[in-house]
Amino acid sequence: MSTRITVTVNGQAVTRDVEGRTLLVHFLRDTLSLTGTHVGCDTSNCGACTILMDGQAVKSCSMLAAQADGAEITTVEGLSQNGEMHPIQEGFREEHGLQCGFCTPGMMMAAVDLLKNNSNPSEQEIREALEGNFCRCTGYHNIVKSIQYAAKKINEPEKEVA
Amino acid sequence: MIPNKVDYVRADSVDDALSLMAQHGMDAKLLAGGHSLIPAMKLRLNAPGILIDIRKLSELRYIKNDGGRLIIGAGSTHHDIVTSELAGQAYHMLPEAADLIGDPQVRNMGTLGGSLAHADPAADWPGVMIAAHAHIHLKGPDGERTVAADDFFTGFYSTALQDNEILTAVSIPIPAAGTRSTYQKFMQPASRFAIVGVAAAASVKDGKIEHISVAVNGLADAAFRATNIEEALLGQAPTAANIEEAVKGTGSDVMVMADHFASEEYRLHLAQVYAKRALLAITQ
Ligand SMILES: Cc1cc2nc3c(=O)[nH]c(=O)nc-3n(C[C@H](O)[C@H](O)[C@H](O)COP(=O)(O)OP(=O)(O)OC[C@H]3O[C@@H](n4cnc5c(N)ncnc54)[C@H](O)[C@@H]3O)c2cc1C
Ligand code: FES
Ligand code: FES
């Protein structure tokens with residue numbers, strides 16, 4: 001038995017038939033070819049698959065595509081607008097927030113959820129918001145700086161961030 | 001990893017879910033936040049034939065104050081409880097415990113009802129619900145019934161919930177003014193599940209403990225009320241020495257779990273340490 005779902009992904013409505021067992025992450029990667037969302041574990045721990053569903057960060061490996069029927073999904077591919085990088089993307093570039101880059105899409109989506117609710121997080125709050133995201137390369141330090149950069153940029157878009 | 005083949009249906013209401021459950025019997029499983037069930041299905045530890053999705057049911061997702069009781073719908077997410085002023089006003093330990101569950105992504109999906117129905121011995125809500133004297137509301141084909149949290153958790157992933165019932169809500173009597181509460185846990189560093197967690201509520205009057213309620217999860221196959229601590233401290237002064245003495249022997253009457261994270265002896269030690277911390281935090 002398949003289920004017909006309509007999901008708005010990065011602003012575009014798509015309708016597809018999915019198998020009950022199809023995980024949202026596989027729907028995004030294999031059906032919609034949005035391979036920016038990664039799969040890093042089998043245990044729901046690593047957060048590489050983090051996307052926004054109706055504005056909230058969730059792990060797309062731990063839910064079914066069918067559960068997303070009717071939802072608005074944002075993936076890392078949906079962050080930039082009109083060719084302009086999102087402040088969080090700029091932050092990761094400016095502050096060297098990535099090495100291999102595997103965790104980066106999930107880190108950015110978790111950070112976007114944090115900054116939406118708390119535009120001026122402390123370092124501690126940033127680290128707590130990343131509890132569900134593992135990075136095996138950076139030691140997290142530059143990821144925190146990247147998010148601080150994005151917070152400044154969002155609060156004062158006109159000012160050069162030092 | 002991909003789960004076994006499974007059918008999926010979204011229920012329109014609690015009653016619709018009940019009739020779907022009756023129709024499919026043992027082959028069906030309710031799907032709430034999915035954050036215990038889907039990981040288990042991915043590891044093929046669980047392989048239901050059909051999932052009945054109740055996540056979107058607004059009749060299960062609310063937090064309200066109803067004549068001296070706090071009622072939390074089973075579909076409320078952990079995040080809903082972190083951010084609920086009503087929950088925090090009733091018991092500080094409610095948002096405090098919610099905020100210690102997993103990580104932000106898990107808290108955005110996982111639900112109170114799913115956690116209680118699943119009854120993982122390392123879950124945080126069971127102990128908190130016992131300490132808060134919660135009642136668990138269940139609905140089945142023959143109507144509704146209520147079970148005290150003290151009687152709800154019957155063992156390893158086992159509860160008083162029948163296969164044909166839905167957990168609809170918990171109701172918590174709002175405690176007397178001046179009651180303080182906390183949830184303290186020693187967590188497994190990757191999953192953040194409790195190796196040991198202690199939920200405690202108490203009020204102090206004229207230098208003596210007037211009310212006290214303490215529950216422990218993570219230690220045994222099910223969360224339990226620490227009657228030894230309650231009996232030792234009721235009516236006593238909450239001094240560090242009295243608390244130290246009262247927590248001794250916590251867990252001596254239950255089957256203590258041991259796994260590769262923590263031995264039996266270590267868990268017993270942690271239970272005393274965390275019970276002491278919790279009680280000092282709310283009585284000083
Ligand atoms: C990475 C990770 C870390 C976690 N860390 C913690 C932690 O630190 N502490 C903690 O306590 N938990 C933790 N959890 C578990 C999490 O809180 C789950 O969300 C919760 O245990 C189950 O809720 P759910 O809504 O996701 O339930 P589901 O997975 O949808 O369902 C779980 C079970 O309950 C049944 N069920 C669901 N709702 C109902 C209902 N209303 N009535 C009857 N039966 C129902 C289902 O049929 C299923 O058998 C973690 C999970 C993950 C993935
Ligand atoms: S792939 Fe690791 S949490 Fe989703
Ligand atoms: S940059 Fe390699 S895992 Fe984070």
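All of the numbers you see were taken from the coordinates with simple rules; none came from a lab. This is a predicted model, so every value here is computed, not measured. Heads up, the Cβs are rebuilt from the backbone with ideal geometry, glycines too, and the neighbour counts pull from every protein chain shown.
Does residue B:72 fit the bill of being among the β-branched types (Val, Ile, Thr), more than 14 Å from chain A (Cβ to nearest Cβ) and surrounded by 20 or more Cβ atoms within 10 Å (Cβ to Cβ)?
Yes.
Would you check if there is a residue in the range A:128-138 being out of contact with any Ser or Thr (no Cβ under 6 Å at 6 or more places or on another chain), farther than 26 Å from residue B:101 by Cα and not in a helix (DSSP H, G or I)?
No, the conditions are met nowhere in the range A:128-138.
Considering only residues that are over 22 Å from the mean Cα position of the chain (by Cα) and within 25 Å of residue B:154 (Cβ to Cβ), which ones fall in the range B:225-251?
B:231, B:249
From the set of residues in the range A:1-24 that are in contact with a helix residue (DSSP H, G or I) (Cβ under 9 Å, 6 or more places away or on another chain) and outside any strand (DSSP E or B), which is surrounded by the fewest Cβ atoms within 10 Å (Cβ to Cβ)?
A:11
Please state which one of B:6, B:82 is farther than 16 Å from residue B:169 by Cα, buried (at least 19 other Cβ atoms within 10 Å of the Cβ), without any contact (Cβ under 8 Å) to a residue 40 or more places away in the chain and among the hydrophobic types (A, V, I, L, M, F, W, C).
B:82
Residue A:89 fails exactly one of the following numbered conditions: (1) free of Cβ contacts under 8 Å to residues at least 40 places away in the same chain; (2) more than 16 Å from ligand 3 (Cβ to nearest atom). What is the number of that condition?
Failing condition for residue A:89: (2).
Right, residue B:160: within 16 Å of ligand 3 (Cβ to nearest atom) and either touching a helix residue (DSSP H, G or I) at 6+ places or on another chain (Cβ under 7 Å) or within 14 Å of chain A (Cβ to nearest Cβ) (or both) or not?
Here the answer is no, as residue B:160 does not meet what is asked.
Scan the range A:7-36 for residues that are within 13 Å of chain B (Cβ to nearest Cβ) and among the β-branched types (Val, Ile, Thr) and report the count.
Count: 3.
Give the range A:42-63 a look and list any residue that's outside any strand (DSSP E or B), within 18 Å of residue B:1 (Cβ to Cβ) and touching a residue at least 60 places away in the same chain (Cβ under 8 Å), or say none.
A:45, A:46, A:47, A:48
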